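Worksheet for the structure shown next.
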Amino acid sequence: MRFTRLRLNGFKSFVDPTDLVIQDGLTGVVGPNGCGKSNLLEALRWVMGENRPTAMRGDGMEDVIFAGAATRGARNFAEVVLQIDNTERLAPAGFNDADTLDITRRITRDAGSAYKLNGKDVRARDVQMLFADASTGAHSPALVRQGQISELINARPKARRRVLEEAAGISGLYQRRHEAELKLKGAEGNLTRVDDVLEQLG
Ligand code: ATP
């Protein structure tokens, strides 16, 4: 599964339809400050299912729609299409019957987001699972946003460990341990109550 193209339309500063062809090897994006380099990475994160507006440097998800400029009016929708080469059939089961996968996310003002996979409506969860099963996605540690490295360097050891745990894929175990601890606490409470009742009976 290889990303081959990112198509943006009305997303942040990319008001006109823009195609970014991702070729084999390393891709570098260069340009002056404020030209939209970070917006490209955010588009990639967004189409993979990112739902936190703060991760998109906005207050609400509609902030990803082109907001207008001196010479252009605001747009009513934003759309990002991520094209994936699946000729080696490495996509997870259920998504694996086409050579090319086109994942589309579109947001319309006052109407929210919708996703399509090769033109067919799919749920946000389906898209998130597709990327999670392929060990990537909006929260992948492979996507490093601006400022993240200095945050990591300045972070307290506990916060830094969280990042390493996420990279090692064990944060799910952490959550399960927390749930098990809560259950254990509940069971201990029940045992204390049983002891109290037994004492009263005796
Ligand atoms: P730097 O090198 O400074 O980090 P950059 O190339 O990464 O810059 P971005 O941060 O991706 O640039 O782009 C910022 C630009 O995108 C700003 O000019 C900002 O006004 C514009 N922008 C962000 N959101 C929107 C929006 N919803 N509508 C229109 N323009 C937007």
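For the Cα atoms of the chain, what angle does the longest principal axis make with the long axis of helix 171-201, in degrees from 0 to 90, nearest 10?
Taking the Cα atoms of the chain, the angle to 171-201 is about 20 degrees.
Give the angle, between 0 and 90 degrees and rounded to the nearest 10, that separates the Cα long axis of helix 37-47 from the longest principal axis of the Cα atoms of the chain.
60 degrees
Using the Cα centre as the reference, give the magnitude of the dipole from point charges on the C-beta atoms of the range 38-188 (Lys, Arg: +1; Asp, Glu: -1; all else neutral), rounded to the nearest 20 debye.
Its charge dipole is roughly 540 debye.
Which order do the peptides 157-166, 104-113, 14-23, 184-193 come out in when sorted by mean C-beta neighbours inside 10 angstrom, highest first?
The most tightly packed comes first, giving 104-113, 14-23, 157-166, 184-193.
Find the relative contact order for the chain and round it to a whole percent, using C-alpha pairs within less than 8 Å whose residues are 6+ positions apart.
Taking the mean separation of contacting Cα pairs over the length of the chain, I get 18 percent.
Compute the long axis of helix 157-167 from its Cα atoms, compare it with the longest principal axis of the Cα atoms of the chain, and write down the angle in degrees, 0 to 90, nearest 10.
So the helix axis and the longest Cα principal axis differ by about 70 degrees.
With no solvent and one point per C-alpha, what does the Debye sum give as log10 I(q)/I(0) for the chain at q = 0.11, 0.16, 0.19 Å⁻¹?
With no solvent term, the Cα-only Debye profile gives -0.64, -1.15, -1.43.
All of the numbers you see were taken from the coordinates with simple rules; none came from a lab. This structure is a prediction, so every number in the text was calculated from the model and none was measured. Heads up, the Cβs are rebuilt from the backbone with ideal geometry, glycines too, and the neighbour counts pull from every protein chain shown.
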